[in-house]
Amino acid sequence: TVLAAAARWRHTAPESLKCAWQLHGDHLELRYANTLMRFDFVWLRDHCRSASCYNAKTNQRSLDTASVDLGIKPKAVRVDETTLFLTWPDGHVTRYGLEWLVKTSYEGQKQQVMHPRILWNAEIYRQAQVPSVDCRSFLETDEGLKEFLQNFLLYGIAFVENVAPTKEDTEILAERISLIRETIYGRMWYFTSDFSRGDTAYTKLALDRHTDTTYFQEPCGIQVFHCLKHEGTGGRTLLVDGFYAAEQVLQQAPEQFELLSKVPLKHEYVENVGDCHNHMIGVGPVLNVYPWNNELYLIRYNNYDRAVINTVPYDVVHRWYAAHRTLTAELRRPENELWVKLKPGKALFVDNWRVLHGREAFTGYRQLCGCYLTRDDVLNTARLLGLQA
């Protein structure tokens, strides 16, 4: 049988070394395009793209995975120059393109990033001279929208210029790329320093770098800021690439990076001001990574809102504090600080899963509006325009 002769590599043809395969007791080993891949037999049956197993019109699986025998083995295996053919005990044939397997295999995924990015400090960002996109081009053309989204995906921040300084126009802008995420702060938020909510943001005080809504189970993905009016001094906005800082920690102290990605913390928001009564708790580590390639996808960093740490024993807590100190030192390096003066007409979009924001103290009357966007919808818009997101 095929399995009995599994000890040696099979090639597609005697003269072709492009693809080779070997059958083992519970998996198929395949070497193609300089990638050595291992496929579990159940996986190979489950992902069959034949008409009876997969609906190509809806891109959905029809096969009932729970009905596949966990001990299944192919009856026959054949590989030609482009395709792997598997015949199962019931006679069903599964075909896979070798290119598709390289792209979708675990080994292939480990070598790729889900979200291509450019990490930056203030100097790198200034050198890049990332252009703002004009409001009309953003609203009326696919090219303007695509350029904006590409900048946003790469840097985690992007600007739109010449926006009419009203809440309504800011809302139209936001809706061009996403649904607006309604939260306890409403749909469009609009604030001055009147302390109308139980939050430091609603004052004239300086705000240290942080990400927003760390106390949500899923922190808001994107934040839009538009300064409608400021009569006074100060109030510049601070932006810091959290992923750049985390990368420095990974290089210098990988064990601390790992700790920050493993220790679960609670962040909490308790509010009893006027009619606003809220008690929110979000749980998760400071750094969130995809486990297969260690790629960072979300940073939860807010020293204001971090709740009591009672999720790990005392010895781990001490090591966590040391790791937190290392990350904080990176986040606070002056060379990592990008300072921007928000003016009426210039809207700023910030990736709240990546870029921390803060502000200087200010004087006078300052009016800001903005909203949160649903991350899935922004990424959806980007993918539909052909971007990797």
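Just how large is the dipole of the stretch 19-107 about the Cα centre, in debye to the nearest 20, putting +1 at every Lys and Arg Cβ and -1 at every Asp and Glu Cβ?
Charge dipole of the stretch 19-107: 180 debye, to the nearest 20.
For helix 375-384, what angle does its Cα long axis make with the longest principal axis of the chain, in degrees from 0 to 90 and rounded to 10?
Roughly 60 degrees between the two axes.
So which aspartates and glutamates pass the test for LYS57, namely a Cα distance under 20 Å, with those fewer than 8 places away in the same chain ruled out?
Result set, ordered by chain and number: ASP46.
Mean residue ellipticity at 222 nm from the helices of the chain, using -39,500 (n - 2.57) per DSSP H segment of n ≥ 4 over the full residue count, to the nearest 500 deg cm²/dmol? Before the final figure, lay out each step's value.
Working: 11 runs with 102 residues, N = 389.
Calculated mean residue ellipticity at 222 nm is -7500 deg cm²/dmol.
Rounding to the nearest 20 debye, state how big the charge dipole of the chain is about its Cα centre with +1 on each Lys and Arg Cβ and -1 on each Asp and Glu Cβ.
On the way: 44 positive and 47 negative charges, 114 e Å.
Computed about the Cα centre, the dipole is about 540 debye.
Kindly state, to the nearest 0.05, the FRET efficiency for ASP208 paired with TRP43, given R0 = 41 Å and r defined as their beta-carbon distance. It would help to have the intermediate numbers written out before the result.
Working: r = 47 Å, r/R0 = 1.14.
Taking R0 as 41 Å, the efficiency between ASP208 and TRP43 is 0.30.
For all pairs of alpha-carbon atoms in the stretch 143-280, what percent lies in each bin of width 10 Å, listed from the first bin to the last filled one?
8, 31, 37, 20, 4
So, in nm, how far is label VAL317 from label LYS103 when the simple model puts each one 7 Å beyond its Cα toward the Cβ?
So the two model labels end up 5.0 nm from each other.
Sort 54-65, 311-322 for me by packing, meaning the mean count of neighbouring Cβ atoms within 10 Å per residue, highest on top. The partial results should precede the final answer.
Values: 54-65: 10.4, 311-322: 12.5.
In decreasing order of mean packing, 54-65, 311-322 become 311-322, 54-65.
For percent of Cα pairs over 33 Å apart, which listed value, (i) 46; (ii) 49; (iii) 40, comes from the coordinates shown?
Matching entry in (i) 46; (ii) 49; (iii) 40: (i).
Just to be sure I follow the rule: in the stretch 122-385, considering lysines 8 or more places apart or on different chains, how many pairs have Cα atoms under 13 Å apart? List each step's numbers first, then the result.
Details: LYS167/LYS229; LYS167/LYS346; LYS229/LYS341; LYS229/LYS343; LYS229/LYS346.
Qualifying lysine pairs in the stretch 122-385: 5.
Starting from the Cα gyration tensor of the stretch 206-245, take the square roots of the eigenvalues, sort them a ≥ b ≥ c, and report rounded, prolate or oblate (rounded when a/c is under 1.5, otherwise prolate if a/b is larger than b/c, else oblate). Intermediate results must be reported in sequence, preceding the final value.
On the way: a/c = 2.39, a/b = 1.64, b/c = 1.46.
The shape class here is prolate.
Averaged per residue, what accessible area in Å² does the chain show with a 1.4 Å probe, protein chains only?
48
Less than 19 Å apart at the alpha-carbon level, and either on another chain or at least 8 residues along: which aspartates and glutamates does that give for LYS18?
Output for LYS18: GLU29, ASP80, GLU81, GLU99, GLU107.
Can you give the accessible area of ARG209 in Å² (nearest 10), computed on protein heavy atoms with a 1.4 Å probe?
30
The values are calculated or read from the model by the stated rules, or taken from the named source; none is laboratory data. Everything numeric here is computed off the predicted structure, so don't read it as measured data. Positions of Cβ are generated from backbone atoms using ideal geometry, with glycine treated the same way; all protein chains shown enter the neighbour counts. What goes into the accessible areas is simple: the full protein's heavy atoms, side chains included, and nothing from ligands, DNA or RNA. Shrake-Rupley method; radii C 1.70, N 1.55, O 1.52, S 1.80 Å.
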